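Below is one structure; the comments refer to it alone.
The values are calculated or read from the model by the stated rules, or taken from the named source; none is laboratory data. Because the structure is predicted, anything quoted here is derived from the model rather than measured. Every residue, glycine as well, gets a Cβ built from its backbone with ideal geometry; the counts of neighbours run over all protein chains shown.
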Amino acid sequence: MNSELEKIDLIRARLEVSYKEAREALEQEGGDVVQALVNLEERGRDLGERFQARGQEMVGQVRGILQKGQSYRIKVKKGDQTVYEFPATIGALGLIGALASSEIAVLGALGTVAAMANKYTLEFERRGKSPEEESAGLGE
């Protein structure tokens, strides 16, 4: 039993895995420490590659969303006068900030109440191609 525990400790020290993972790998390989190490390394490499691929996919999705957001503008208006105008992606980042921080959420709520009291409105505008032009370009 002592030698099995030493083997498990050796595997854990080399690969920083749990006792359960080390014991299972050792049992799968019939007590062969070297083969257990090889198999655990391969599993870890596969997992790392999957994380990397998923991360690259997510970065691509975020880029697409940011590019699409650049064609939309948010206008803060009072009556017919535009007071402030900014890309929709900035608004989305503000929303993410509000979700991440309670202080920012409180400031956003106070700003919204003040804007409503002063009769400010939000207007969303799409710039660039019209939807008809864009759908015509999809068939090319």
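Table for the structure above
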read-out: Odd one out for D80, checked against (1) without any contact (Cβ under 8 Å) to a residue 24 or more places away in the chain; (2) over 30 Å from R127 (Cβ atoms); (3) among the charged types (D, E, K, R); value: (2)
read-out: Of all residues making up the range 28-64, the number that are surrounded by 12 or more Cβ atoms within 10 Å (Cβ to Cβ) and assigned to a helix (DSSP H, G or I); value: 11
read-out: Tally, over the range 1-24, of residues that are surrounded by fewer than 12 Cβ atoms within 10 Å (Cβ to Cβ), not in a helix (DSSP H, G or I) and not small (G, A, S); value: 2
read-out: Residue within the range 95-103 that is polar (S, T, N, Q), part of a helix (DSSP H, G or I), in the same structural domain as R127 (by TED's automatic domain parsing) and closer than 22 Å to E123 by Cα present; value: no
read-out: Failed item in (1) in contact with a helix residue (DSSP H, G or I) (Cβ under 7 Å, 6 or more places away or on another chain); (2) within 30 Å of A117 (Cβ to Cβ), with Q70 passing the rest; value: (2)
